[in-house]
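The values are calculated or read from the model by the stated rules, or taken from the named source; none is laboratory data. Remember, predicted model here, so these are calculated numbers, not experimental data. Reconstructed Cβ throughout: ideal geometry from the backbone, glycine too, with neighbour counts over all protein chains shown. Heads up: the accessible areas ignore ligands, DNA and RNA and are worked out on the full protein's heavy atoms, side chains in. Shrake-Rupley method; radii C 1.70, N 1.55, O 1.52, S 1.80 Å.
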Amino acid sequence: MQAQPLDKGSYIPLYMQLFSRLFKMIENGELKPGDKLASEREMADSLNVSRITARQSIQALLESGLVYREQGRGTFIAERKMRGLVGFASFTDDIHLRGYQPGSRVLTQELIRVGEQTQKTIKVGPDDPVLHLVRLRLADGEPVAIQASYIPYHLVPGLEQEDLNNKSLFRV
């Protein structure tokens, strides 16, 4: 775990900042399937946050299927799998159908180079730029999900400049 401090002055909750950091480490291959995560206490101590913050981040990783726990052994990075995928649908449309007002806040929107596993998954080369988009998804103003997308730049040139707050990526 990197000991770089989290931004306590940010509007993004600390546990979401930590979740995003760990997510990036998994996606970039810094944390590989089978690697053991630091314990809640170790994370909390190294980042100067509460154990509750570390626990919430790990819980979000568990719910995302990115990690798994073994009783008495710890928390480990899971193998990459498609879990709970019912098909591609617009979050905006889905939330509207459920009777809520959809929204989103952009947490990360940048062109990056991705790790080998992500290159294979989205079929890009090691030097091909990829748009990394992470958004906090909202229903009636309440956070319901963190959505991360890796989109080959050649498919969406200029999208890194677009204001995607409260916009449907499908519509854009």
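For the residues 97, 14, 138, a GNM of the chain with alpha-carbon springs under 10 Å puts the largest fluctuation on 97. Taking 16 Å as the straight-line reach from the Cα of residue 120, the lysines in range (excluding those fewer than 8 positions away in the same chain) are 32, 81. Remark: spin-label model distance residue 144-residue 172 equals 1.9 nm, labels positioned 7 Å along the Cα→Cβ axis.
Which percent of the accessible heavy-atom area of segment 130-172 goes to carbon and sulfur, probe 1.4 angstrom? Don't skip to the end; give the middle numbers.
Numbers: 1130 of 2290 Å².
The computed percentage sits at 49.
Comparing 134, 67, 144 in a Gaussian network model of the chain, where Cα atoms under 10 Å apart are tied by springs, the biggest mean-square fluctuation is seen for 144. So what's the angle, to the nearest 10 degrees on a 0 to 90 scale, between helix 51-63 and the longest Cα principal axis of the chain? Helix 51-63 sits at roughly 50 degrees to that axis. Scan [x] -0.58, -0.97, -1.44; [y] -0.42, -0.82, -1.57; [z] -0.51, -0.97, -1.51 for the value of log10 I(q)/I(0) by the Debye sum over Cα atoms at q = 0.11, 0.15, 0.20 Å⁻¹ calculated from this model and give just the label. Of the listed options [x] -0.58, -0.97, -1.44; [y] -0.42, -0.82, -1.57; [z] -0.51, -0.97, -1.51, [z] comes from this structure. Pick out which of 90, 57, 39 has the largest mean-square fluctuation in a Gaussian network model of the chain, springs linking Cα atoms closer than 10 Å. In the Gaussian network model the winner is 90. Placing +1 on the Cβ of every Lys and Arg and -1 on the Cβ of every Asp and Glu, with no other charges, gives segment 94-138 a dipole of roughly 240 debye about its Cα centre. Which is the longest part of the chain that has none of the chymotrypsin sites (Phe, Trp or Tyr not before Pro) sitting in a DSSP loop with at most 11 other Cβ atoms within 10 Å? That gives 89-169 as the longest site-free run. For segment 12-86, the residue among 72, 31, 46 whose Cα projects farthest onto the positive side of the dipole built from Cβ charges is 72.
When the Cα gyration tensor is reduced to axis lengths a ≥ b ≥ c, the ratio a/c is 1.5 or higher for segment 20-71, and with a/b above b/c it is classed as prolate. Averaging the Cα positions of each part gives two centres, and for segment 130-172 and segment 10-76 these lie 23 Å apart. Computed from Cα positions, the angle between helix 14-27 and the longest principal axis of the chain comes to roughly 80 degrees.
Protein heavy-atom accessible surface, 1.4 Å probe, per residue over segment 8-134: 59 Å².
When the chain is fully extended, how far beyond the present Cα-Cα distance does residue 42 get from residue 116, taking 0.36 nm per residue of separation? Can you show the working numbers first?
Working: separation 74, 0.36 × 74 = 26.64 nm, distance 2.86 nm.
Here the segment from residue 42 to residue 116 would lengthen by 23.8 nm.
The charge dipole of segment 132-172, taken about its Cα centre with unit charges on the Cβ of Lys, Arg, Asp and Glu (plus for the first two, minus for the last two), comes to roughly 120 debye. Between residue 162 and residue 101, the simple label model (points 7 Å from Cα in the Cβ direction) yields a spacing of 2.3 nm.
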